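Below: the structure, in structure tokens.
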Protein chains: 2
Amino acid sequence: MYIVKALITRRPSILDPQGKAVEQGAKLLGFENVGNVRVDKRVVFELEASDEASATKEATALCDKLLANPNLEDYTFTLERNNGDA
Amino acid sequence: MYIVKALITRRPSILDPQGKAVEQGAKLLGFENVGNVRVDKRVVFELEASDEASATKEATALCDKLLANPNLEDYTFTLERNNGDA
């Protein structure tokens, strides 16, 4: 079993409204030194796969088809083998 | 100037509806081997601070007061010094 940690980020050229909202909130709270806020999504999941190659293939397909919006977002992920049976 | 990368995670004991939605979507798309999905938030921002101690203090305050919900979420963050003027 693998633990997949996928990080989905908006491309730098694309406006990030959630980041803008956080930045505005920070300034309203008096955090004047905060800037250029971006909010990314990290998705962690367990994946049953026979080997690393098939885990990579399946995680890539899941990112392409569900987790990331190919028009706006990029993604990277890491795989960790989880040897425990629990 | 520092680049702060904060990771905000729901406590494991707390239900993650967004993760459940992703898991259901994955299964509907035929990804049967995916389980225990959790969706975390990563917030990246620039922080003007004179030294690492004050950057840590300000980033902690921002996480406590804005980024993380203390009832449901935990957070960690890393600081990177950005020496470039650009």
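The values are calculated or read from the model by the stated rules, or taken from the named source; none is laboratory data. Quick caveat, the model's predicted, so the values are computed rather than measured. Methodologically, a virtual Cβ is constructed for each residue, glycine included, from the backbone with ideal geometry; neighbour enumeration extends over all protein chains shown.
Against the definition (in contact with a strand residue (DSSP E or B) (Cβ under 7 Å, 6 or more places away or on another chain) and at pLDDT 95 or above), how does A:ASP64 come out, yes or no?
On the way: in contact with a strand residue (DSSP E or B) (Cβ under 7 Å, 6 or more places away or on another chain): no; at pLDDT 95 or above: yes.
It is false that A:ASP64 is in contact with a strand residue (DSSP E or B) (Cβ under 7 Å, 6 or more places away or on another chain) and at pLDDT 95 or above.
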Residue check for B:LYS27: over 23 Å from A:LEU62 (Cα atoms), part of a helix (DSSP H, G or I) and of a type in the set (Lys, Arg): no
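So is A:THR9 of a type in the set (S, T, N, Q), within 9 Å of another protein chain (Cβ to nearest Cβ) and either farther than 30 Å from B:THR56 by Cα or in contact (Cβ under 8 Å) with a residue 60 or more places away in the chain (or both) or not?
Values: of a type in the set (S, T, N, Q): yes; within 9 Å of another protein chain (Cβ to nearest Cβ): yes; either farther than 30 Å from B:THR56 by Cα or in contact (Cβ under 8 Å) with a residue 60 or more places away in the chain (or both): yes.
Considered against the rule, which asks whether it is of a type in the set (S, T, N, Q), within 9 Å of another protein chain (Cβ to nearest Cβ) and either farther than 30 Å from B:THR56 by Cα or in contact (Cβ under 8 Å) with a residue 60 or more places away in the chain (or both), A:THR9 comes out as yes.
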Number of positions in the stretch A:20-42 that are more than 24 Å from B:GLY19 (Cβ to Cβ), in contact with a strand residue (DSSP E or B) (Cβ under 8 Å, 6 or more places away or on another chain) and at the interface with another protein chain (Cβ under 7 Å from one of its Cβ atoms): 5
Positions within the stretch B:60-75 being surrounded by 13 or more Cβ atoms within 10 Å (Cβ to Cβ), more than 8 Å from every other protein chain (Cβ to nearest Cβ) and part of a helix (DSSP H, G or I), in sequence order: B:THR60, B:CYS63
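If only one of A:ARG81, A:ARG11 is over 29 Å from B:SER50 (Cα atoms), exposed (fewer than 13 other Cβ atoms within 10 Å of the Cβ) and modelled with pLDDT of 95 or more, which one is it?
Working: A:ARG81 fails: modelled with pLDDT of 95 or more.
Selected residue: A:ARG11, the only one of A:ARG81, A:ARG11 that is over 29 Å from B:SER50 (Cα atoms), exposed (fewer than 13 other Cβ atoms within 10 Å of the Cβ) and modelled with pLDDT of 95 or more.
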Members of the stretch A:48-59 that are touching a residue at least 12 places away in the same chain (Cβ under 8 Å) and within 12 Å of another protein chain (Cβ to nearest Cβ): A:GLU48, A:ALA49, A:ALA55, A:ALA59
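State yes or no: is A:THR78 touching a residue at least 40 places away in the same chain (Cβ under 8 Å), away from every other protein chain (no Cβ under 11 Å), under 13 Å from the mean Cα position of the chain (by Cα) and within 16 Å of B:ASP40 (Cβ to Cβ)? Break it down into steps so the answer makes sense when it comes.
On the way: touching a residue at least 40 places away in the same chain (Cβ under 8 Å): yes; away from every other protein chain (no Cβ under 11 Å): yes; under 13 Å from the mean Cα position of the chain (by Cα): yes; within 16 Å of B:ASP40 (Cβ to Cβ): yes.
So A:THR78 passes the test.
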Close pairs (8 angstrom Cβ cut-off, 6 or more residues apart or separate chains): of a type in the set (Lys, Arg) in the stretch B:17-38, assigned to a strand (DSSP E or B) anywhere: B:LYS20/B:VAL37; B:LYS27/B:VAL34; B:ARG38/A:VAL43; B:ARG38/A:VAL44; B:ARG38/A:PHE45; B:ARG38/B:THR9; B:ARG38/B:ARG10
Filtered residues of the stretch B:30-55 (kept if in a loop (DSSP other than H, G, I, E, B) and buried (at least 16 other Cβ atoms within 10 Å of the Cβ)): B:PHE31, B:ASN33, B:ALA49
